[in-house]
Structures are given as C-alpha cells and as structure tokens.
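First the structure, in the form of structure tokens, and then the observations on it.
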Amino acid sequence: MTRLVRAELFKLRTTNAWWLFALTTLLSTLVMLVVVAVSAHSLLQPFAQYLAVASHGHAANLPPEFLARLTDEWTLGHPAATQAVALYTAGQLPGVLLACLLGVVLITSEYYHQTATTTFLLTPHRTEVVLAKLVTAVLLAGLAWLASTVLSVVAGALFLHAEGYGSQLGHGDVLRALVLNLAAYLLWAVFGVGVGALVRNQLAATVGVTVLYLVGASAASTVFELLNTYVLQRDWVLTAQVIVPTVASAVMISPTKTFDQSPAPWVGAVVLLAYGLVLGGLGVAILRRRDIA
Amino acid sequence: MTLTVNARRGRSMNDGRIAANGLVKEYGDVTAVDDLSFNVEPGRVTGFLGPNGAGKTTTLRMVLNLVTPTGGTATIGGRRYADLEEPTRVVGAVLEASAAHSGRTGRNHLRAVCIAAGFPQARADEVLELVGLTPAADRAFRGYSLGMRQRLGIATAMLGDPQVLILDEPANGLDPEGIHWMRELLQQLAAQGRTVLVSSHLLSEMQTLADDVVIVAAGRLLRQGPVEQVITDVSGQQRVEALSLEPDKLADVLRRDGAIVSSSGTNALLVTGASAAAVGDAALRAGIALHGLRTQQADLENVFLELTAGQAGIR
C-alpha cells in the first residue's frame, strides 16, 4: 500500500498536475484573502466610521430598515475573532473545490490517459488501487490546507496587526475554524475519489462536481423552500437540506447557524463523510467487475 | 539484487505455462469468446492468430484479469492472474501502444511502475537500454511515435524480468527494422525458457517468428500446434515441383512409383506422394535431366485463409 501511494505521488509529481494544483491553490487563496481583507477593513472600524463608509457619507438620512441591516452586519462582523476566522480560512471556497477535483482526477485520468490497463496489471486487486488513491488524495488535500492556511494566517495576522488587533490565534473559535477547514478539505477529497470511482468520464465528473459545489447550496435551498411551502409545511423539510453535500459542508464549517432550521455541525460532517464512503464503496464495487478494455 | 533472486525463485516454482479452459465472454447477445481452450508452452513463441473481431484481445485480457470471463478459467503457471502475489515478476504484458500519461516522460513512466512494484529505480534505465529507447527517455510520451510507444510498452513489460510475456499486436506501428528487432528479442526471450504469446494478424511475420500457433475465429478455436504441423494438417501433403525437358517420361516413371502427377505448364510437373529426394532419385535412375526441383511449402497465410473462410470477422 505504501508503495502504491508513493507511486501515486510520483505520478502526480511527474506531470503538470503537481504545480498547476499548487499554484492554483495558492493564487486563489491570495485572491480570496484580498476580498476578505477589504470587507474586514471596513467592519473592523468603529461603528460610526463603518456607517459613514457604507452609506457613502449619507448616514444621517438613511432609511431605518437599511440602517438596521448595517447595524446587524457590523455587530456580527466587528469582533476581531470573526474577521480572523474569515481571513484564516479565506482560501476555503476554491481550495476545497480543488482538493475535491484532485480526488476525481486521480481516478478518472487513468481512463483518460488509458493507463488503467497498466495500473490494474500491476495491482490486480482493484480495491487496493482505489484505497491508495484515497490515501493520496487525503494526504494532498491536507497539504493543500496547510499551504493555504500558512499563507492565510501569516498574511491575515499581519493585516490584523496593521488594523490594531492581535492575531486572535489563542481564540477557541478561531482554532476550531482552522480544524473544521481541514476537515472540509479532507472530506471533499474523499468525496472526489468516490465520484471518480463512480463516473469514469473525466469531463463529466469534473464539471459535475464543480457545478454541484458552486450552485448546489443555493439550488438546494430553493428546492427545499418550495417543498416546504407547497408540499409539506414542516420544519424538518428545511433541515433536510443538509443531505445536499454543499449544504452539509456549510453546516459543518459555519460557526453560526447556516439557516434557521440547520442541524448541528457534526451532522454536516457525517453527511459529507457518508457521501464519500457510499460513493467510493459503490464505485469500487462497480470497478471490481468492470471490464478494462 | 532482490530482483534477480526473486525472479529466479519465481521461475523454479512456476513453469509459466498459460492454460485457457473453456473461456467464454458474452457481451449482450454477442458471444465474443466461445468455449475457448488452449495451452501456451514455455520456451516457445506462440502466435495467437485470428481475423479482426475473433476475440483475441478479449481473450488476452481475460487471461490478465482485466476482463471478467462469463465462464471458464485462465491460469498462468497454474494460478489465476489475480492470485499471483507479484504479477509483474511473473507476467509482462503489452496491450496497447498508448498506455502512458501524455505529459510524462518515458523514464518517469517506468519509474512509477518501479515504485509501485518495488523494483529498484535503476531497472527503468536497464529496460530503456534493452528496447533502445534511451535517447528518447526524457521526452514526454506525447511526442513518441507509434513504434516508440510499442517499445516503451515492451520495456514496461520487461521491468519485472517476467517468465511470461503476452503481447497484443506488438508489430503495429513498427517499421521493418523495428519488426526485425522485435522478432529477435522475442525469439531470444523464448530461447531463455520464457513463455511468449503474441497476437497478430501479420501472417508472414508470424510464420518466421512463431514456433506454435493458436488460430481462432468467431471466438472459437480452429487449430493449435506447431506451425509446420498445422500447415501440413490443413494443406495436406507437400507437393513437389519438378522441371524437366522430358516431362511425360518423368511422369510415367513417377506414376510407376505410386506418386500422383499432374502437369503444371510446359516442362513442369506437380508431384504429390513423393518427396523431392525421391523425385530426384527416380529421375537419375531413368536418366532424365532435372532442371529444377523444389518443395512447394503451403504457407501460414493459405492455411489461415482456408481455415477462417466464411467466418466473418465482424459480428
């Protein structure tokens, strides 16, 4: 197994995949850091200043409901720990997607490049091949998290310092967010390997995962709202949104409730892990019997 | 070091005989391989012949556990491929020419296999040298010609110094020099006592390369055995062509000896039932001058076409 994982790592290192993956992870983290820093810069100001900027200098004659919304946003976002969490996990949105896509491509590229024959000749026990890829994907997702986090924490702490705050690294919520962020990287990598084992067409698998990841949550929220309004007016219908992987991920990561009826964060983690395992298990079961031609 | 030791140990335990036993593969309504049984012996090059769509590739893939048979079994040295502990040390297979990541170099492709199989990295350089690919070793696979891809495939198969080699249409894309090189290599490997199974539809090439043949069509076995024997079995007795200025007189003499003689143009006779030597002796005894004498060898191509006639390749 160690040999197979080492071979997988070597295979990645000897193609463009390696630096493309690393570069995209770091660049996207950097872009997200800038976006988060801009918003953090205004939220970290005292309320009066925040209001002046947000209303473009017309704070005196704001409609009351708009003023109320700005007050809420500031109250929620002003604590330095909240902004530290946002900064330190800035690369999450693209980073987690990349980790997932890496998991997908680890398997589908075997078909895309017709190397599946060589791979399965080398290791006739196909479950071992998939397990090695799973371990590889999880290792690399962890590495991606580490790279993205180191970059974010260094840049974020410097930014907070410049704003007149400490790094907030001693804060429980901040540490918890860092760990949950890691969990998201790892679980989505497992999810990706599961999808790859099931859908061998590289284009279909990568596009499918990307679409699901980017619009899954909002699509799910629309569908479940409609179900709740027209079919069954129970709260648990809305809670059930958590069965959509993207919603599960949001529920797991979010320090506050993602939506009013959202379940506890661990439910999200369990759902996401279950997806990875079920898809992977199904994929392996099919792969074991599939003819390699 | 461990490589050679293990390979030798493997060889002594395992005679490297390939045995297919009632192999069946159905794809929906089509029976691609139909109750196919044959043996492939060590120390010989065996040609696996059949028209397109005869089920050759499917059969080879069943032997290698890549395709699951609908029925029957295939073993190598008495064990199924999936049960071999270190399959790459026992069997090397070359199945398709384009079997490496297009962005990876040939050397790195081989190194990845070395890592996965636990071979020393230096083994990659050795097999590159063996197949003459060293000058292109550090070029990306996408720049390889078909012939270079075949060579890399053979190099991959040879990494584990296997007792058994299975090659599917290895001559595809090779130039005449490449074909010559491959023939020498495969014959040399067989001479070392290895089992070599080669599928092909290049019959003239097979006649020079193979010791034994297994001929299939429409998924069924038609003939198997040593090349000469299969040819004789199918085409019947040898014929001898004799050239003489006195054909009628020679024909009389030969008929008296019990041979069947027919005329084949002016001054030429076709003789069945007598060897070239017997014809020559008879002519000498009768004082007839011979201007030419040769045995007409039916070739594999005639035999193959006769055997597979009417067995449409595409089903």
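Structure notes:
- Residues considered: A:Ala99, A:Ala137. Of these, the only one that is free of Cβ contacts under 8 Å to residues at least 60 places away in the same chain, surrounded by 17 or more Cβ atoms within 10 Å (Cβ to Cβ) and within 20 Å of the chain's Cα centre (by Cα) is A:Ala137.
- Qualifying residue in the stretch B:225-245 (condition: closer than 23 Å to B:Met62 by Cβ, touching a helix residue (DSSP H, G or I) at 6+ places or on another chain (Cβ under 9 Å), surrounded by fewer than 21 Cβ atoms within 10 Å (Cβ to Cβ) and not aromatic (Phe, Trp, Tyr)): yes
- Candidates B:Ala93, B:Ala116, B:Ala100 - the one that is buried (at least 22 other Cβ atoms within 10 Å of the Cβ) and either within 27 Å of B:Leu203 (Cβ to Cβ) or outside the structural domain of B:His180 (by TED's automatic domain parsing) (or both): B:Ala93
- Annotation note: Cβ proximity below 7 Å between a residue of the stretch A:234-246 that is closer than 8 Å to A:Phe224 by Cβ and assigned by TED's automatic domain parsing to the domain that holds A:Thr210 and a residue that is in a helix (DSSP H, G or I) and hydrophobic (A, V, I, L, M, F, W, C) (sequence gap 6+ or interchain) occurs for A:Val237/A:Phe224; A:Val237/A:Leu227; A:Leu238/A:Phe224; A:Ala240/A:Phe224; A:Gln241/A:Ala220; A:Gln241/A:Phe224; A:Gln241/A:Val247.
- A single entry from A:Tyr165, A:Tyr185 fulfils the requirement of being out of contact with any strand residue (DSSP E or B) (no Cβ under 9 Å at 6 or more places or on another chain) and part of a helix (DSSP H, G or I): A:Tyr185.
- The set of residues in the stretch B:84-105 being part of a loop (DSSP other than H, G, I, E, B) and more than 8 Å from chain A (Cβ to nearest Cβ) consists of B:Glu85, B:Glu86, B:Ala97.
Residue-wise test of (1) in a helix (DSSP H, G or I); (2) under 25 Å from A:Leu4 (Cβ atoms); (3) in the same structural domain as B:Met62 (by TED's automatic domain parsing).
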| site | (1), (2), (3) |
| --- | --- |
| B:Arg107 | yes, yes, yes |
| B:Ala112 | yes, yes, yes |
| B:Arg123 | yes, yes, yes |
| B:Val127 | yes, yes, yes |
| B:Pro135 | yes, no, yes |
| B:Arg149 | yes, yes, yes |
| B:Leu152 | yes, yes, yes |
| B:Leu167 | no, no, yes |
| B:Asn172 | no, no, yes |
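- Scope the stretch B:140-153; condition away from chain A (no Cβ under 11 Å), surrounded by fewer than 21 Cβ atoms within 10 Å (Cβ to Cβ) and either under 16 Å from B:Ala190 (Cα atoms) or aliphatic (A, V, I, L, M) (or both); matching residues: B:Leu146
- Residues within the stretch A:274-293 that are small (Gly, Ala, Ser) and within 12 Å of chain B (Cβ to nearest Cβ), tallied: 1
- Residues that are under 24 Å from the mean Cα position of the chain (by Cα), more than 7 Å from chain A (Cβ to nearest Cβ) and surrounded by fewer than 22 Cβ atoms within 10 Å (Cβ to Cβ), drawn from the stretch B:63-83: B:Gly72, B:Thr73, B:Thr75, B:Gly77, B:Gly78, B:Arg79, B:Arg80
- Test for A:Tyr213: is it crowded, with 18+ Cβ neighbours inside 10 Å, at pLDDT 90 or above and assigned by TED's automatic domain parsing to the domain that holds A:Leu97: no
The values are calculated or read from the model by the stated rules, or taken from the named source; none is laboratory data. Keep in mind that what you see is a predicted model, and the values were worked out from it rather than measured. We place every Cβ from the backbone using ideal geometry, glycine too, and count neighbours over all the protein chains shown.
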